[in-house]
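Trainee: Before we start, here is the structure in question, set down as structure tokens.
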Amino acid sequence: MACFVVPATEAIVTTVIQKVVAKKEKNENKDGSQMKIGFADKLKWLNGMLWGGSGLLAFEHVWHGEVTPFFPFLTAANDPADTAEMLHEMATSGSAMAVLVTVVWAGLVIVSNKITASDNKSDKKAGATA
Amino acid sequence: MTLLITVIAAVISTVVWYSSEKARELKTGVLLYMFWGASLMWLVDAVVEYLESGAEYFQPAGADMLNDAFLGLSVIALALVIWVIVLLVKDPTGALKRTILSRKSR
């Protein structure tokens, strides 16, 4: 009914956080010495999945007539019983969607950190042998 | 069916992104975000529906399947259009800029 609203809301929040973190990282790395992927870049992956996924889901809701281009935009908002059902769906399915995407992103971040750590180790080894 | 089509699109775009430097330059990562994000979200929808209806979930009516397939293809078309817009706006290879400038100088 409107489950995509929850990941879309998370996307707004993470986009703001990403912008702030990117600014901070830019100030800390003015000399351009750090070449590894920063946290702001990793947050971009989460933003991409949240915006992309909720965008395509919004299209699906338009397809099924659950979202309209005129006020109140959600057809379920016209009827109190439907509104209650919509809010329940947002709380269950919508939250689960946001959590799943975030968990998958966290997995990607862990894998990327491990790759970076192993690369640092091999750099140090190469430096020691030289 | 929509989930299935989107997952297939996500896997294909991932393979293309992984195997081609040119594809990465052409911002195919945008497709990855859209397809994987939507696949994960529709997976949740599918699990919820499976918990509600059980094995019946895997035996959809023909008309429903056709409509879902139509939706899945439309979703792919929409994602491709968004990707093309991003590609033209960002113009990573400068092809669009070169074309416009060369026309102007004629």
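Trainee: Rounded, prolate or oblate, given the Cα gyration tensor of region A:5-118, with a/c below 1.5 counting as rounded? Can you show the working numbers first?
Mentor: Details: a/c = 3.37, a/b = 2.39, b/c = 1.41.
The shape class here is prolate.
Trainee: Could you compute the longest span of chain A free of chymotrypsin sites (Phe, Trp or Tyr not before Pro) located in DSSP loops and having at most 16 other Cβ atoms within 10 Å, not counting the site residues?
Mentor: Working: sites that count: A:PHE70, A:PHE73.
Result, exposed sites excluded: A:1-69.
Trainee: Less than 30 Å apart at the alpha-carbon level, and either on another chain or at least 8 residues along: which lysines does that give for B:LYS90?
Mentor: Partners found: A:LYS19, A:LYS23, A:LYS24, A:LYS26, A:LYS30, A:LYS36, A:LYS42, A:LYS44, B:LYS22, B:LYS27, B:LYS104.
Trainee: Related question: Which whole-number percent gives the relative contact order of chain B, counting Cα pairs below 8 Å spaced six or more residues apart?
Mentor: Numbers: 65 pairs, mean separation 42.2, N = 106.
About 40 percent, as a whole number.
Trainee: In whole Å, how far is the Cα centre of region B:17-56 from that of region A:8-32?
Mentor: Their Cα centres are 25 Å away from one another.
Trainee: Let me check against my output: what whole-number percent is the relative contact order of chain A, with C-alpha pairs under 8 Å and at least 6 apart?
Mentor: Values: 95 pairs, mean separation 49.0, N = 130.
In percent, rounded to a whole number, it is 38.
Trainee: Distance in nm between label sites at B:PHE58 and B:MET1, each 7 Å beyond Cα in the beta-carbon direction?
Mentor: For the pair B:PHE58/B:MET1, the computed spacing is 1.9 nm.
Trainee: Gaussian network model of chain A, Cα springs within a sub-10 Å range: biggest mean-square fluctuation belongs to which of A:VAL20, A:VAL67, A:VAL99?
Mentor: Looking only at A:VAL20, A:VAL67, A:VAL99, the largest GNM fluctuation is found for A:VAL20.
Trainee: What is the spin-label model distance, in nm, from A:LYS26 to A:THR83 if the labels are put 7 Å beyond Cα along the C-beta direction?
Mentor: That separation, rounded to one decimal, is 4.2 nm.
Trainee: Also, quick follow-up: Taking the 0 to 90 degree range and rounding to the nearest ten, how far is the long axis of helix B:62-90 tilted relative to the main principal axis of chain B, both from C-alpha atoms?
Mentor: Once rounded, one gets 20 degrees.
Trainee: Of the residues B:PHE58, B:PHE35, B:PHE70, which exhibits the maximal mean-square fluctuation in a Gaussian network model of chain B defined by a 10 Å Cα contact cut-off?
Mentor: With Cα springs under 10 Å in chain B, the top fluctuation among B:PHE58, B:PHE35, B:PHE70 is at B:PHE58.
Bear in mind that the values in this text are calculations on the coordinates, not laboratory data. This structure is a prediction, so every number in the text was calculated from the model and none was measured. Please note: Cβ atoms are built from the backbone with ideal geometry, for glycine as well, and neighbour counts cover all protein chains shown.
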